[in-house]
Structures are given as structure tokens and as C-alpha cells.
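> Could you have a look at this structure, given as C-alpha cells, before my questions?
The values are calculated or read from the model by the stated rules, or taken from the named source; none is laboratory data. Predicted model only: the values in this text are computed from it and were never measured. So basically every Cβ, Gly included, is an ideal-geometry build from the backbone, and we count neighbours across all protein chains shown.
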Ligand SMILES: [Zn+2]
Ligand SMILES: [Zn+2]
């Protein structure tokens, strides 16, 4: 299994000189399984860059296939989709029907309460008030699917989904291909009572890699605990690297990757956060755009 990070920023893209190392694109993480299935998680602005890479492969001829799983439909997880070049590649006949074997094919998945809205949400952001091209114009074959029993098998890979804590809901995922496993838990907040989310523990039990939302420092999250002023970030749906470390240790995850970096955190600040996290757990690193993990 190969994991590629195409977008690791939270909330809004942050281009600029101060974010070159960690990157400014919003969430998009690709998993290539041992049987070479392409599974993409979220369509933040990172998917635009992934799309350009895919256009160097069979996707340029309309012969590509990939699965896109959405954690949820907040802006920073869908906004790159209209700029995903392979979605435009395909051939239609005179009647406008897509010609088989000449169209890239994408299966788009969301949770029952996200998936039912997924098509409307993606269509809505391409409404002509916001974007010049309608979703129907895309020539690839796009199949909207709802994750009903929260488990799906693609080739030799199993993808399980469970709800995590986030305003209006979010799905965490566990991906297993028989050889290795990874859990994705972006946009999740830790429980306020000091416990660890049971669903997070189930998804990340003994995984090779846990990818976790560490948007805030503990001081930003709960300034009152440090005698600092400010409203704090409790209830915003995000967590800290320190909480990710607690979960990783409790679940027996071998490696922890922190993602969904706060737009206000520049490279220098994120490096400092990473150093602090390493004092608590050797196997933690902060995701950098373009990073690849081979399992
Ligand atoms: Zn987000
Ligand atoms: Zn969100």
C-alpha cells in the first residue's frame, strides 16, 4: 500500500512563502492498494495536483478508474473537485451518451447522511453562480454511492467507515489490503470528558499508520487551561497532536501522521509543533504536501 498526501492544510488553502514546506492545499490523500486500486480521500484543493499527475497516465485517454471517499462535505474537502482534470475526460456519442471504455470512471462515496447529499453538494458548488461549468458537462462517468452498512470491498481492500466527532458529522475510515492498514481521522474532535472516542479506537486498532487531525496546539484549543485569554476552539471539530498521540498509543497504531494544519501555522510553527509532539511519541510526524509512505 502506498499513501500519498496531496493536500494537508485545514479550512482554507494557504499558498505563500511561509507554507512551502508543509504545503497550502486542503485535504486530499491518495491510497494505492497492493492490487493497484486508486482510492482517494476527499477532494480539497490537493486533488487538483493529483489530477495533473493522473493525466500523465491512462486517465489522459479516458481509461482510468478511481474511487473517491468523502469524509464530509465541508468546503475544504470538496472545493478541488471542479478542478480535477481527469473528471473532464471521456467521449460522448451524438446523443450525448458516454461511450464505454472511453470515459474515466469515478465512484464517489459518502456516509448515508453525507452521501445522500453528496451529489447535490458537488452539483451546488458548480452552480453557475459559483462556477462556469455544470457538473453534467464532465465527460467522465461519475457514480454517486452511499455507504450504507459502512463497509465496502474493492478488490482485495476493505474500507470501513465510522462516525467521528465533528459539526454536522464526519466519517473516519480504515483501509486494509491484507498486507497493511491505515486509518484516516481528519476533522475530528476528541471527547470533552477526557476519554478517547471508541469509534476512533476501533478504526485505528493496530494500524500501520493513523492519520489524525491535529489542527490546534493544546493552548489554542483550551487557553483557559494555560491561564491564557481567548475563546478557545472547543466544539469547532478539530483536535491536537497530543490527543492524536493518546489515541495512537491506546489503539496500538505503529505510526502517527498529523494533518489538517491550521492556516495560521507557518512552516516554522509546524516544525516546532512536530518537535514538541516527538517528545511524547517517537513515531509521530506532521504531514507535508507531496509526502509518500510505502507500506
Ligand atoms: Zn476540514
Ligand atoms: Zn470539517
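> Which numbered condition in (1) part of a helix (DSSP H, G or I); (2) more than 16 Å from ligand 1 (Cβ to nearest atom); (3) under 22 Å from residue 31 (Cβ atoms) is the only one that residue 63 fails?
For residue 63, the failing item is (1).
> Could you tell me which numbered condition residue 159 fails, if it satisfies all but one of (1) buried (at least 17 other Cβ atoms within 10 Å of the Cβ); (2) over 20 Å from residue 36 (Cβ atoms); (3) out of contact with any helix residue (DSSP H, G or I) (no Cβ under 9 Å at 6 or more places or on another chain)?
With (1) buried (at least 17 other Cβ atoms within 10 Å of the Cβ); (2) over 20 Å from residue 36 (Cβ atoms); (3) out of contact with any helix residue (DSSP H, G or I) (no Cβ under 9 Å at 6 or more places or on another chain) applied to residue 159, the lone miss is (2).
> Next up: Kindly check whether there is at least one residue in segment 228-241 that is in a strand (DSSP E or B) and in contact (Cβ under 8 Å) with a residue 24 or more places away in the chain. Reasoning before the result, please.
Let us first name the residues in segment 228-241 that are in a strand (DSSP E or B), namely 240.
From the residues that got through so far, the ones that are in contact (Cβ under 8 Å) with a residue 24 or more places away in the chain too are 240.
Yes; the residues of segment 228-241 include at least one that is in a strand (DSSP E or B) and in contact (Cβ under 8 Å) with a residue 24 or more places away in the chain.
> Take segment 66-94 and flag every residue that is away from ligand 2 (no atom under 16 Å from the Cβ), assigned to a loop (DSSP other than H, G, I, E, B), modelled with pLDDT under 95 and touching a strand residue (DSSP E or B) at 6+ places or on another chain (Cβ under 9 Å).
To start, the set of residues in segment 66-94 that are away from ligand 2 (no atom under 16 Å from the Cβ) comprises 66-68, 82-94.
Those left that are additionally assigned to a loop (DSSP other than H, G, I, E, B): 84, 89-91, 93-94.
Filter once more, so that each one left must be modelled with pLDDT under 95: 91, 93-94.
If the condition is that a residue be away from ligand 2 (no atom under 16 Å from the Cβ), assigned to a loop (DSSP other than H, G, I, E, B), modelled with pLDDT under 95 and touching a strand residue (DSSP E or B) at 6+ places or on another chain (Cβ under 9 Å), then 91 is the only one that fits.
> So which residues in segment 66-108 are away from ligand 1 (no atom under 16 Å from the Cβ) and touching a residue at least 60 places away in the same chain (Cβ under 8 Å), if there are any at all?
67 - this is the single residue of segment 66-108 that is away from ligand 1 (no atom under 16 Å from the Cβ) and touching a residue at least 60 places away in the same chain (Cβ under 8 Å).
> Just to verify a result, which residue in segment 274-292, among those that are within 21 Å of the chain's Cα centre (by Cα) and within 29 Å of residue 195 (Cβ to Cβ), is nearest to ligand 2 (Cβ to nearest atom)?
Initial filter on segment 274-292 (within 21 Å of the chain's Cα centre (by Cα)): 274, 283-292.
Narrowing the set further to residues that are within 29 Å of residue 195 (Cβ to Cβ) leaves 274, 283-287.
Numbers: 274: 23, 283: 26, 284: 22, 285: 22, 286: 19, 287: 16 Å.
Result: 287.
> Checking the structure you have, find out if any residue of segment 251-267 is assigned to a helix (DSSP H, G or I), touching a helix residue (DSSP H, G or I) at 6+ places or on another chain (Cβ under 6 Å) and within 22 Å of residue 170 (Cβ to Cβ).
Checking segment 251-267: at least one residue is assigned to a helix (DSSP H, G or I), touching a helix residue (DSSP H, G or I) at 6+ places or on another chain (Cβ under 6 Å) and within 22 Å of residue 170 (Cβ to Cβ).
> For segment 256-284, how many residues are under 22 Å from residue 77 (Cα atoms), buried (at least 18 other Cβ atoms within 10 Å of the Cβ) and in contact with a strand residue (DSSP E or B) (Cβ under 8 Å, 6 or more places away or on another chain)?
Residues meeting the conditions: 8.
> Inside segment 120-142, can you point out the residues that are within 17 Å of residue 73 (Cβ to Cβ) and surrounded by fewer than 16 Cβ atoms within 10 Å (Cβ to Cβ)?
Keep residues of segment 120-142 that are within 17 Å of residue 73 (Cβ to Cβ), which gives 120-127, 130-131, 135, 142.
Of everything in segment 120-142, those that are within 17 Å of residue 73 (Cβ to Cβ) and surrounded by fewer than 16 Cβ atoms within 10 Å (Cβ to Cβ) turn out to be 120, 123, 124, 127, 130, 131.
> Related question: Pull up segment 1-60, narrow it to residues that are part of a helix (DSSP H, G or I) and touching a helix residue (DSSP H, G or I) at 6+ places or on another chain (Cβ under 7 Å), then point me to the one that is nearest to ligand 2 (Cβ to nearest atom). Break it down stepwise before answering.
Of segment 1-60, the ones part of a helix (DSSP H, G or I) are 17-19, 46-54, 58-60.
Add one more test, that the residue is touching a helix residue (DSSP H, G or I) at 6+ places or on another chain (Cβ under 7 Å), and what stays is 18-19, 47-48, 51-52, 54, 59.
Details: 18: 23, 19: 20, 47: 16, 48: 19, 51: 22, 52: 25, 54: 25, 59: 28 Å.
Selected residue: 47.
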